[in-house]
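Notes follow once the structure below has been shown.
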Amino acid sequence: MGIRERLSGNEAIAFAMKQINPDVMGAFPITPSTEIPQYFSTYVDNGEVDTEFIAVESEHSAMSTCIGAQAAGARSISATSSCGLIYMAEMLYVAASDRLPITLAVSCRALSGPININNDHSDIMSVRDAGWIMLYAETNQEAYDNYLQAMRIGEAVQLPIMICQDGFITSHAIENIELVETDQVKAFVGEYKPEHYLLKKDEPMAVGAYATPVYYIEAKRQQAQAMMDAKDVIKQVAAEFAEMTGRSYGLIEEFMMEDADEAVVIIGSSAGTAKEAVRQLRAQGKKVGLIKIRSIRPFPAEEIAQALKNVKSFAVMDKADSFNGHCGPMGAEVAAAMYANKVTEPKMINYIYGLGGRDVRVESIQHVFAELEKITASGETGETYRYLEVRE
């Protein structure tokens, strides 16, 4: 029987950390993720966990702490946001290349400049190629559930993993949530028993050694294979989690897609707003649907292409821009997925929306569907790279 609570997304993540009781947390505060180490440090101070909490001087040092601890054989965690994540960037690549399954909670926030502390996805999209598994949550419940699944996934393929949620929107808003009993959490997550680690006295080894051209590309190929293998692991762990809790997750979520003519592809809390837009349009007789991406890395290319193959037009919604002059980051990913899987018929457009915390309303998404309906009727996409509700 689950425990019914009312928690913010940050509180839910910190409580999941408490239930797991990791070995080391390296942390430096940054809005809007500061509450995660704040709550967790209270558990440490109260003796409710055995974790070594290391308060450092920067986010770069926080990830360096996790790398050293994980390499030594300790289960290590951190939390950050926005510019803090970018300050970690050098060490994010190191953690992934050293195959260290660190777990990082990210409360996503716009990058400066101009200076802004509100939600968009520019921070995580900036590091999406660092080699980390990345799962994204729509709700506080999903943020908590993703965290409980994270270590099983990362440790199975020896890759670090980010658990992402929308800053302030879910990180600070309080929602009803169902927690898993702590003994069940511990049994589900299990203990960390690495095969190779620095403090294993009978097996001298090095972590982070210099890779000459003779070895570098083979190391990267192994990383790539681990990321490909992670798709099946994510699905298997989700299946076990569903058996325990009744809450099911996949790489993507399809919402009213069975007979949809038009669809949107979206990430994060805005999916909830978009679902309401779909419900209202369905009540008007419109055949519309939605795909929510949960796994950013590994990217669910086949699943997305399969879900979209029968629609007539669709829009990819990007809460970040690539500044390449023709699309956002998810727009490029989805277009590549369609091409690789030989799905060429649906007309695709890409919207940049919600930057710096700009509000996204049901009417906003309904406007997108109205534009898609025009494309379906005319067969012409017009401008494929669009900004939603911006003062030109």
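Sort through Ile13, Ile3, Ile30 and tell me the only one that's of a type in the set (Val, Ile, Thr) and at pLDDT below 95.
On the way: Ile13 fails: at pLDDT below 95; Ile30 fails: at pLDDT below 95.
Among Ile13, Ile3, Ile30, only Ile3 is of a type in the set (Val, Ile, Thr) and at pLDDT below 95.
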Are there any strands (runs of 3 or more DSSP E) wholly within region 275-326 with 3 or more residues that are of a type outside the set (Ser, Thr, Tyr) and at pLDDT 95 or above, and if so which? 288-293, 313-318
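Looking at region 134-152 only, could you name the residues that are more than 17 Å from Ala230 (Cβ to Cβ) and under 10 Å from the mean Cα position of the chain (by Cα)?
As a first pass, look at region 134-152 and keep what is more than 17 Å from Ala230 (Cβ to Cβ): 137-145.
Passing the criteria: Ala137, Glu138, Ala143.
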Odd one out for Met257, checked against (1) part of a loop (DSSP other than H, G, I, E, B); (2) in contact with a Lys or Arg (Cβ under 9 Å, 6 or more places away or on another chain); (3) surrounded by 15 or more Cβ atoms within 10 Å (Cβ to Cβ): (2)
Residue selected from region 241-256 under the condition in contact (Cβ under 8 Å) with a residue 60 or more places away in the chain and out of contact with any strand residue (DSSP E or B) (no Cβ under 9 Å at 6 or more places or on another chain), by the criterion farthest from Met151 (Cα to Cα): Met244
The conditions are (1) at pLDDT below 95; (2) among the β-branched types (Val, Ile, Thr); (3) under 26 Å from Asn10 (Cα atoms), and Val207 fails exactly one of them. Which is it? (3)
In region 116-127, residue farthest from the chain's Cα centre (by Cα) [restricted to those that are part of a loop (DSSP other than H, G, I, E, B) and farther than 22 Å from Asp145 by Cα]: Asn116
Out of (1) out of contact with any helix residue (DSSP H, G or I) (no Cβ under 8 Å at 6 or more places or on another chain); (2) farther than 26 Å from Glu253 by Cβ, what's the single condition that is false for Glu142? (2)
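Looking at Gly84, Gly113, Gly47, Gly131 in this structure, which one is assigned by TED's automatic domain parsing to the domain that holds Pro160, more than 22 Å from the chain's Cα centre (by Cα) and modelled with pLDDT of 95 or more?
Details: Gly84 fails: more than 22 Å from the chain's Cα centre (by Cα); Gly113 fails: modelled with pLDDT of 95 or more; Gly131 fails: more than 22 Å from the chain's Cα centre (by Cα).
Going through Gly84, Gly113, Gly47, Gly131 in turn, just one is assigned by TED's automatic domain parsing to the domain that holds Pro160, more than 22 Å from the chain's Cα centre (by Cα) and modelled with pLDDT of 95 or more: Gly47.
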Pairs please, first residue from region 378-392 and closer than 20 Å to Ala320 by Cβ, second anywhere and hydroxyl-bearing (Ser, Thr, Tyr) and not in a loop (DSSP other than H, G, I, E, B), Cβ atoms under 6 Å, 6+ apart in sequence or on different chains. Arg386/Tyr351; Leu388/Tyr351; Glu389/Ser364
Could you check how many residues of region 173-200 are part of a helix (DSSP H, G or I) and of a type in the set (Lys, Arg)? 1
Yes or no: region 126-145 includes at least one residue that is of a type in the set (A, V, I, L, M), crowded, with 23+ Cβ neighbours inside 10 Å and out of contact with any strand residue (DSSP E or B) (no Cβ under 7 Å at 6 or more places or on another chain). no
Pairs needed: first member in region 181-206, without any contact (Cβ under 8 Å) to a residue 24 or more places away in the chain; second member anywhere, of a type in the set (D, E, K, R); C-beta distance under 7 Å; at least 6 residues apart or different chains. His196/Glu203
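Please state which one of Lys235, Lys193 is of a type in the set (Lys, Arg) and either crowded, with 16+ Cβ neighbours inside 10 Å or closer than 30 Å to Phe314 by Cα (or both). Walk me through how you get there before you give the answer.
Values: Lys193 fails: either crowded, with 16+ Cβ neighbours inside 10 Å or closer than 30 Å to Phe314 by Cα (or both).
Answer to the selection: Lys235.
Listed here are the residues, each with its yes/no results for (1) in a loop (DSSP other than H, G, I, E, B); (2) surrounded by 11 or more Cβ atoms within 10 Å (Cβ to Cβ); (3) on the phi > 0 side of the Ramachandran plot.
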site	(1), (2), (3)
Gln165	no, yes, no
Phe168	yes, yes, yes
Asp202	yes, no, no
Ala206	yes, no, no
Gln223	no, yes, no
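Just to be sure before I move on: is Asp120 buried (at least 24 other Cβ atoms within 10 Å of the Cβ) and in contact with a Lys or Arg (Cβ under 7 Å, 6 or more places away or on another chain) in the structure I sent? Give the steps one after another, and end with the answer.
Details: buried (at least 24 other Cβ atoms within 10 Å of the Cβ): yes; in contact with a Lys or Arg (Cβ under 7 Å, 6 or more places away or on another chain): yes.
Yes, satisfied.
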The listed residue being part of a helix (DSSP H, G or I), among the small types (Gly, Ala, Ser) and over 23 Å from the mean Cα position of the chain (by Cα), out of Ala377, Ala332: Ala377
Go through region 113-131 and give me each residue that's within 10 Å of Pro329 (Cβ to Cβ) and of a type in the set (A, V, I, L, M). Ile124, Met125
Anything in region 314-335 that is of a type in the set (S, T, N, Q) and out of contact with any Pro (no Cβ under 6 Å at 6 or more places or on another chain)? List them, or say none. Asn324
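The values are calculated or read from the model by the stated rules, or taken from the named source; none is laboratory data. Bear in mind that the values here come from a model prediction, so they are computed numbers and not experimental data. Ideal geometry is used to build each Cβ from the backbone, glycine not excepted, and the neighbour counts take in all protein chains shown.
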